[in-house]
1. Quick check: the angle from helix 396-408's long axis to the longest principal axis of the chain, C-alpha only, nearest 10 degrees?
2. Over the Cα atoms of region 150-235, what radius of gyration and what Dmax do you get, in Å?
3. Volume per residue, Å³, of the convex hull around the alpha-carbon atoms of region 298-362?
4. For region 61-286, count all C-alpha to C-alpha pairs, find those more than 27 Å apart, and express that count as a whole percent of the total.
5. Which three lengths, in whole Å and largest first, does the chain cover when its Cα atoms are put on their principal axes?
6. Pairs Lys192/Lys214; Lys89/Lys214; Lys101/Lys202; Lys51/Lys104: which exceed 23 Å Cα-Cα?
7. Highest mean first, what order results for 208-218, 83-93, 388-398, 280-290 on Cβ atoms within 10 Å?
8. List the extent of the Cα atoms of region 67-151 along each of their three principal axes, largest first, rounded to whole Å.
Amino acid sequence: MITSRCRTPVALAAAAVLTVACGGGGGGGGGGGGASGPPADQAALIVEGRKIFRFDTFGDEAHWTDTLRMHEVISTAVAPVTALAIGLKVDAEALPAAVAKGIKEGSVDLTSPDTTVALLKLDAVVGLKGTVQTVNGRDALTRVGVTCALCHSTVDNSFAPGIGKRLDGWPNRDLNVGAIIALSPAVDAAKKAVYLSWGKGKYDPRLNIDGLNKPVVIPPAYGLEGIHSITFTGDGTDIAYWNRYVAVTQMGGRGSFSEPRLNLSVTNGTEDLVTSKLPALQAYQLSLQAPSAPASSFDAAAAARGKVVFGGAGKCVTCHSGALFTDANTTLHLPIDSMAEPETPSYAFRSATKMYRSSPLKGAWQHPPYFHDGSAATLEDVAATYNTRRSLGLTPQEIADLAQYLKSQ
Ligand code: HEC
Ligand code: HEC
């Protein structure tokens, strides 16, 4: 298992660091490191964090297995074709050569739930962690849980659509979390209707807290180094705050989260499987940089003109300032500054701050749709919406140029 993790290249940042650490022989972080490069401790922490991000459930099987009974429905009704159709991804690098060949040649049956169980046994389904045991001489899925990678990783489709190398930190905007939860035999019809209303790429991380229903788009978990205002509403000053929130209150991990501003205090179980993992998890996420835009994906000349609009007539830079394109470290904004507002219910009002953070824009090319509710389908829509709502008086050419600039970042 360790071998397969080390074989898996990290698509984004710190590839060299991880290679060094993996090549170092594994045993307790000794060896490797060396005088050049980041401190060995930090490199080891990042490797540990990647393992947690991809494979750790924090004991949330208590929720996904004992309560939602997802292991039953996966074993009987979720063939790989179904799993891929609801946006789950398969890590091609976890597939042994014979399985990969079988999938290519069609001898592996992608319409059988048994194949899904086999893929879970290989740790090949991104964000799902299964325990497969032999029951009556047959492989049976006895436990299943989810990891951070479920929503915040995708794959590069290099093997086939939905099957490829992991892209950690990239939001899975194909993933229909609501449709997945609605498969549970433990969810009643009324709740199913709510989950099925979300659609792909969205999730409501507050529904089970306040009972209101309005999902937000799954955001990237990359490009957050140096930003001390986490989530759309800037609820936390570091990633670990929100990681604990999600691990405990959303995934069902064993541990505690409390937030006086929301009058919220949740404890699952009697042991804490979350706290000790937060430093490594945070270190890994901070090592994930926003992916740069492919050169062929935008018009460079238009982007250069758009940069002038961004800093000038568009007034974008008043909020999206600095190298990270956000004033998040000093300012949060009233709901009215979000182009998705007014909305009912207001997402800001459901949060701890009741405000919005101006979104960091690095990597924006990669994750349409935009704004927390996904109401702008493209960056052209974003630019046009600002022009209208803020009465900027931009020409169609300036709007188009501004969109090209956003695409280039
Ligand atoms: C079921 C889907 C889902 C899972 C699983 C999930 N997240 Fe998220 N994550 C979201 C959504 C939706 C948001 C947006 C919430 C908000 O900003 O209010 C979010 C926000 C975040 C943010 C804030 C990003 C920013 O721009 O400030 C971070 C960091 C993050 N998640 C990390 C994690 C980690 C680490 C885990 C595992 C412990 C995890 N998430 C598990 C859906 C998920
Ligand atoms: C008054 C502050 C302010 C100004 C001025 C401003 N923005 Fe924003 N921007 C925000 C806030 C706040 C958000 C988050 C809104 C949300 O998610 O609902 C945001 C979100 C965005 C997003 C969505 C990013 C994502 O990941 O979904 C883009 C793109 C964007 N702004 C571009 C621009 C452009 C281009 C301009 C100039 C025309 C501009 N902004 C002007 C505050 C501002």
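A short reminder: the numbers here are calculations on the coordinates, not readings from a lab. Quick caveat: nothing in here was measured; it's all calculated off a predicted structure. Positions of Cβ are backbone-derived with ideal geometry, glycine not excepted, and every protein chain shown enters the neighbour counts.
1. Between the helix axis and the principal axis of the chain, the angle is about 40 degrees.
2. For region 150-235, the Cα-based Rg and Dmax read 14.9, 44 Å.
3. On the way: hull volume 7.0 nm³, N = 65.
So the per-residue Cα hull volume is 108 Å³.
4. On the way: 8689 of 25425 pairs.
More than 27 Å apart: 34 percent of the Cα pairs in region 61-286.
5. 71, 56, 45 Å, listed from the longest principal axis down.
6. Working: Lys192/Lys214 14 Å; Lys89/Lys214 25 Å; Lys101/Lys202 34 Å; Lys51/Lys104 28 Å.
Listed pairs above 23 Å: Lys89/Lys214; Lys101/Lys202; Lys51/Lys104.
7. Working: 208-218: 16.6, 83-93: 21.1, 388-398: 12.8, 280-290: 23.3.
Put in order of decreasing packing, that is 280-290, 83-93, 208-218, 388-398.
8. 38, 34, 19
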